[in-house]
Amino acid sequence: MIKRQSRGSRLILVRHGETEGESSIRYHGRTDVALSELGRAQMRLAGRAIGAHREGGGNFAHIFSSPLVRASEGARIVAGDSAPLITIDEFAEVHFGLFEGLTADEIRERYPDDFARWNDDRLAPGYTYPAGESRAGFANRVERGLERMLALWTPRADAEADDALLIAHRGVIRAIVRKLTSQEPVVELGSIQVIRFDGGWHAEMLDLINHLDGF
């Protein structure tokens, strides 16, 4: 349940749902794949969960999205087709380079040396996906997007109905939550994260997935 624990603006972050390219098993970063029917159903469930449990209800102060279609379509489903959507280009998922569109088994088979290096230090800031993006570069890019988002929406410690919504990708959501709260959620497909500003940022609820039971 997404009930407010106290006053303060909240940022509700939702990871897009399953895609036509099976994002549950494939590394789709910059590849612009659409939501599957399952993914659309996951987004409808996320929207209902948020709508049912937001105290005060009403529209979001702002609705933000990654520029990739799986996120922007997800935002339309969660917030409604008529809701004004602000796209933050810096919130595109990390570029997996040679790994784009592949499963872990396919990466191991095609690029065994790169796969071994990836497994050794995939979360190290200095790691760079072969022919792709570095972890440090990705984190810096997301932080620039976060600054731009917060310049458009100024969270307030005394707010009671000033929630913002962001639909994005696992890597982006983890980077934002880590930057603002020093916590690092798992961020499954269709999951919801809620963080609150009361002068500083705090995780109110992380890795909400009970709305997806049965999927």
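A few comments on the model shown:
- Scope the range 83-97; condition open to solvent by 50 Å² or more (accessible area, probe 1.4 Å), more than 14 Å from residue 139 (Cα to Cα) and part of a loop (DSSP other than H, G, I, E, B); matching residues: 84
- Matching residues, the range 23-39, being over 20 Å from residue 91 (Cα atoms) and in contact (Cβ under 8 Å) with a residue 24 or more places away in the chain: 25, 38
- With respect to (1) loosely packed, with under 15 Cβ neighbours inside 10 Å; (2) within 15 Å of the chain's Cα centre (by Cα); (3) not hydrophobic (A, V, I, L, M, F, W, C), the lone exception for residue 37 is condition (2).
- Looking across the range 98-109, the residues that are part of a helix (DSSP H, G or I) and touching a Phe, Trp or Tyr at 6+ places or on another chain (Cβ under 9 Å) come down to 98, 99, 104, 106, 107, 108, 109.
- Failed condition for residue 57, given (1) under 30 Å from residue 204 (Cβ atoms); (2) at pLDDT 95 or above; (3) exposed (fewer than 14 other Cβ atoms within 10 Å of the Cβ): (2)
Rundown of residues vs (1) at pLDDT below 95; (2) open to solvent by less than 40 Å² (accessible area, probe 1.4 Å); (3) under 24 Å from residue 175 (Cα atoms); (4) under 12 Å from the mean Cα position of the chain (by Cα), yes/no style:
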position	(1), (2), (3), (4)
41	no, yes, no, no
69	no, no, yes, no
76	no, no, yes, no
81	yes, no, no, no
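- If you filter the range 185-203 down to residues that are within 23 Å of residue 139 (Cβ to Cβ) and more than 12 Å from the chain's Cα centre (by Cα), you find that the one that is most open to solvent (accessible area, probe 1.4 Å) is 202.
- Condition broken by residue 143, with the remaining ones in (1) modelled with pLDDT of 95 or more; (2) closer than 28 Å to residue 53 by Cα; (3) acidic (Asp, Glu) satisfied: (2)
- In the range 6-25, the qualifying residues are those that are touching a Leu at 6+ places or on another chain (Cβ under 8 Å) and open to solvent by 60 Å² or more (accessible area, probe 1.4 Å), and the one that is modelled with the lowest pLDDT is 24.
- Residue satisfying all of: in the range 110-126; part of a helix (DSSP H, G or I) and of a type outside the set (D, E, K, R); least open to solvent (accessible area, probe 1.4 Å) among these: 118
- Pairs are defined by a Cβ separation below 6 Å, a sequence spacing of at least 6 or placement on different chains, a first member in the range 85-106 that is farther than 14 Å from residue 30 by Cα, and a second member that is part of a strand (DSSP E or B) and β-branched (Val, Ile, Thr); the pairs so defined are 85/63.
The values are calculated or read from the model by the stated rules, or taken from the named source; none is laboratory data. All values reported here derive from a predicted model rather than from experimental measurement. Please note: Cβ atoms are built from the backbone with ideal geometry, for glycine as well, and neighbour counts cover all protein chains shown. With ligands, DNA and RNA removed, areas are computed over all heavy atoms of the protein, side chains included. Shrake-Rupley method; radii C 1.70, N 1.55, O 1.52, S 1.80 Å.
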